[in-house]
Amino acid sequence: VFIFAISIQAQPPWKDTYIPSEAGGDQGIAVRVIPPPDSRYAHGAPVIIYVKGGTSGEGINNAKLRLAKRGFIEILFNFPGSGKDTNRSGGIYDQRGPECLKALRDVIRFALGDFLDVKGKSLSDMIAPITPLSTDVGLVGLSHGGNSTISVAGVHGAEINSLAWIVNWESPVGDGMPTVEAGAVHS
């Protein structure tokens, strides 16, 4: 008796791309979009952008709350100069300083529909027939990522004024952040 096993590789439930950003050099910022499997809401899907905690710049393979199955469009990204192989962002990682904030600003603008990726596609183009709700785009800052969500809103607020919400989880803001201050390098 012979048993044959056939492995069928399904398409991943995400789409990887790069978005242009002055912080990402010629390559741009690596972005992963995870659309919901089905449209949960008749009017479209809210968009959630994760801002990873810790002090490294890689966020594509981390920090997923798995809200796509709840009807959200999830966006993950790598800060400039971070990531691996085909998901490495261009630019130089500046420890969540001004270049990282520019990159986050541009990821937000892509989610809001103000930016196209390097192939000329919008978020809507990438995930059709799901419709992204450009009026319901928000940030989730996990730990130190929350410091970046607050900073990007303060520094680039005029450029991302359609951002609808920010949720932070265990973010060491204020006096709680002496060891992970944005833009600082500690040894």
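The values are calculated or read from the model by the stated rules, or taken from the named source; none is laboratory data. The structure displayed is predicted, hence computed values, not measured ones. Neighbour counts run over all protein chains shown; Cβ positions are idealised from the backbone, glycine included. Quick note on the areas: whole protein, heavy atoms, side chains included, nothing else; ligands and nucleic acids left out. Shrake-Rupley method; radii C 1.70, N 1.55, O 1.52, S 1.80 Å.
Points to keep in mind about this one:
- Neighbourhood net charge (12 Å Cβ-Cβ; Lys/Arg +1, Asp/Glu -1) for Ser56: +2
- Annotation: amide H-H contacts under 5 Å for Arg40 (H modelled 1.01 Å from N, sequence separation of 5 or more, or interchain): none.
- Take region 95-149 with all the other protein chains still there, run a 1.4 Å probe, and you get 34 Å² of accessible area per residue.
- Using θ = phi - 60° and Karplus 6.51 cos²θ - 1.76 cosθ + 1.60, couplings along region 27-42 (whole Hz; Gly, Pro as x): 7, x, 9, 6, 10, 10, 10, 10, x, x, x, 9, 7, 7, 10, 4
- Maximal additional length on extending the Trp169-Ile92 stretch stands at 25.1 nm, based on 0.36 nm per residue less the C-alpha distance.
- Semi-axis lengths, Å, region 59-169, gyration tensor of Cα atoms, sqrt of 5 times eigenvalues: 20, 17, 15
- Phi angles of region 74-81 translate, via the Karplus equation with coefficients 6.51, -1.76, 1.60 and θ = phi - 60°, into HN-Hα couplings of 9, 10, 10, 7, 10, 4, x, x Hz per residue; Gly and Pro are given as x.
- Calculated on the alpha-carbon coordinates, the convex hull of region 21-73 measures out at 101 cubic angstrom per residue.
- Using a Förster distance of 45 Å, the FRET efficiency for Lys84-Ala158 (Cβ separation, nearest 0.05): 0.85
- The figure for Tyr93 is an accessible area of roughly 50 square angstrom, using a 1.4 Å probe on the protein chains alone.
- Solvent-accessible area of Thr55 with every protein chain in place, 1.4 Å probe, in Å² to the nearest 10: 80 Å²
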